[in-house]
Every structure is written in C-alpha cells, then in structure tokens.
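We did not get these values from a lab; they are worked out from the coordinates using the rules stated. All figures in this text were calculated on a predicted structure; none of them were measured in a lab. All Cβ positions, glycine included, derive from the backbone under ideal geometry; neighbour counts span all protein chains shown.
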Amino acid sequence: MGMSFSTIQIQNRNHLDSVQFEKKLANHMKKRGFVPTTSDNSQLSYTFILSENKDWITLVSDTSHEDMTDAQALAKAMKTVCIVTSVHDSDFAAFHCYNTIGKAADFISLGFCEEETECNNERKPPNVKFWQSLLLEGRTFDELQEMWGEEYIFQEEVFAKVAPLLGMDARNICMDFIHNESNNAITVYYKNEEPLFFTEGVTKLHTYVCSGILSGEPNYFAFINVGGISKGLAIVVLGECFKNGEVKIGDEIKVERHKYPIEDYNGYKSRGFGNDGNEDELEIFTSQWEEYNIPDGRSGFIAYFNDFEFFHGLNLEHPSLKGRKRQDLTDFHGIIVWHSATIVSGDKHKLYAFAIPINNWEAGQTSVSMELQERAKWELEAFGYTRVQSQEESCESE
C-alpha cells in the first residue's frame, strides 16, 4: 500500500509570519460563512506551516477532496499562486496550479492510476512562463522539466527533487509535520456562522429528481427536508390520466431513506456511510394507496406514513455547501419514493406528485384533506426529470 495525500502550497509573496497568515485565512473564511472556534466545536480545520525561508506556506485541510476548490479560492483572495500537490497510492502524483486571480495555470502529472481520470487524458505541454516565475534565482526550467521526466518507483519522490528549485520544503509537501510535534505547525478551527442544518420551524420539502412515468417499472422521485423536524408524511399523486383510466397505479408505495442522519460531515466521511448498496444503513416504510379527490375535480391517490420522522433539514443556501459536500449531503438526506404504474392507453400523461409533512406544514394545520392546493402552493413543487419545476409543471410519461 503506497502513500496518498493532498496538500496546498501557497506562495508567501509578502513573507507573512504565522500570525499574519492566520488572520488572512480567518478573513477569507469569514466570507465563506465560517468563524474561528475551538477543536471541540469545529466543523472544519486547517493545519499550516511556513517553509524555513518563508517563501511558501503548506496548508492541509480535513476536507482534502476539496483542495482544488480551496486552492483556487485562496489564490484569488490572497492574490498569490497556489499549487495542490497530491499523490495517490504512490502511483500517481500531480501539481494543480492556480495563478494570482484564481485561474487554472497548469497541470502536471506523473505515473498512472485508474482511479485518477486526469492521468488518462493526454498530457499537455507545461506552462513554461508560469513555472519560470516561480523558480529560484539561478535555477532553470530545463532542470525542472528534467525532474518531471525521471522514473520514480514512488511518485512522491518527485517532490523532493522539484521543491529545492522552487524554494519549497519537500517534507512539508509530504506532510511530515503532521506526525512531528516538535515543529511550528499551527492548526486552526472553524464553525459555520449560520447553521448547516435546521431543527426548528416548519418542515419544508424540496424535490430534486423524478423518473417520469415508466410503465411496468419502478417509478420514483426524491426530495429532502430543508426545514424543521416533525413526524408524519403523506404522498399524493394527481392527474387526469387516473380519472380517465389511462394510467393504473400499483397497490403499494415505499419510502426509503438512510437510517441515521448526518450531524458531522467530517465524521460521515471517515465512517464511509452512504456508500451505494449499503442497505444496512437504509430503512424502508411501506403503505397502500387510497383514492383521493380534490375540489377542483382532479383525481388521484394518497398514502400515509404516520410514523415517518423527518430529520433535521439541510440548509441549501449555506456557503459551505458546494461541490462534493453538497452532493454527499443531498444524497444522504434524500428521501426516495418508489411506486409502480401501468400505462393503459395514450402516450403523454401529466402527473402531479406531492410530499406533504402532515403535522408541521403550517401552525394549526394537521389534516391532509384541508386545503391541499394551498399547501402545495405554499410549500411543495411538482417536479421534472432532473430539476425542480414550477407548480404548473409535472412529470410526464415517455
């Protein structure tokens, strides 16, 4: 088993000391919605160390899969060069480079790894001008290119060869300071200034994917809670296709979700919850459809899940909820509704489907039968194949 790591090298153009850099980092994090805190209360942490010549600062995050995003943002915010130096299982090494305005400046890779799709792409010529601006006095780009061209048994060895040409510290790149307490590394902790999760207030549901009507196959749609916690769920489907007998719905409906909510994203990553096929972490609720009509004449079906408990809601507007983190938390908090339908006649059918929190949609309202349309307008959205649509749109059969 080889070495794997990812670190960010930040060019320290103004030779900031540790206190000055920590203040710069805190200002940057403030704009992202994070404020300093203690280790016991943190949701994100960074460890950094200055090279001996203070030309570079090495930064390590506890969310290393977001290093490229961090490096790009830091380069732009601090108006400096950032380079993500990474290794996968000692088989693949890479330099992801960003210039002083946060734009990708170059990408250098060595070795091969099936898990790293970038190494399968054709390698482009290096950005000579970019690298020449980083070389120490007396060093040449030819020396740098020679180091990249050597054969390495362990790809991380390239950093020991390249670092002296740029004034970096190869030991810092390879995270030696993480395991050495007798150094000047500093760890800083941050928490969300606004909550990532909601527990108070009404339960609000956000639908985000729908299969359409697939005859004879499992149909599904998925939604997440973006509001407070509550108990009780109803699923409603409406459409002229039911009234006219063009579509026949199956008897049973299932609701599936992960059994345990995520309260700590970093803990979630370390435990590996949410992997596809990990059925031990899922729970399934079943119910039967009942015929249902509303005053405007539309017909459909309703199913009750009285024991279903909504976990805390996800704050989709939170500034930290981007990229992989947004995908992970949305997927893990997703509630999936499975049902079957058979198309008897016709080829285009509109289907309106709603997920309704029975007991916490609005103060004092507890009956699903009361003013369903008003609830839908207030809170729920009909949905399309892969995007949330307006109230007047719907899923259609193929």
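Given points 7 Å out from each Cα along the Cα-Cβ axis, report the E194 to D307 separation in nanometres with one decimal.
Modelled inter-label distance: 3.7 nm.
Assuming a viscosity of 0.692 mPa s and a temperature of 37 °C, what translational diffusion coefficient in µm² per second does Stokes-Einstein assign to region 1-116, Rh being the Kirkwood radius over Cα pairs?
Taking Rh from Cα pairs, D becomes 220 µm²/s.
With label points built 7 Å along Cα→Cβ from the Cα atoms of E22 and F154, find their separation and express it in nm.
Simple spin-label model gives 3.2 nm for this pair.
Report the full-extension gain for the segment E317 to E52: residue separation times 0.36 nm, less the Cα-Cα distance, to one decimal in nm.
Extra length from E317 to E52 when fully extended: 91.3 nm.
May I ask for the distance between the Cα centers of region 19-38 and region 143-209, given as a whole number of Å?
Each part reduced to its Cα centre gives a spacing of 17 Å.
Under 18 Å between C-alpha atoms is the cut-off here; go through region 5-192 and count lysine pairs that meet it, provided they're at least eight residues apart or on different chains.
Count of close lysine pairs: 21.
FRET efficiency for D251 and K350, Cβ-Cβ distance as r, R0 = 30 Å, nearest 0.05?
It comes to 0.85.
May I ask you to derive the FRET efficiency for F107 and N180 from their Cβ-Cβ distance with R0 = 41 Å, giving the value to the nearest 0.05?
Plugging the Cβ-Cβ distance into 1/(1 + (r/R0)^6) gives 0.85.
Can you tell me the order of 18-30, 72-84 when each peptide is scored by its average per-residue count of other Cβ atoms within 10 angstrom, highest first?
In descending order of packing, they fall as 72-84, 18-30.
With a Cα-only, solvent-free Debye model of region 5-192, what are the log10 I(q)/I(0) values at q = 0.08, 0.16, 0.19 Å⁻¹?
So the normalised log intensities work out to -0.25, -1.02, -1.43.
Compute the distance in nm between two label points, each set 7 Å from the Cα along the Cα-to-Cβ direction, one at E290 and one at E143.
Result: 8.1 nm between the two label points.
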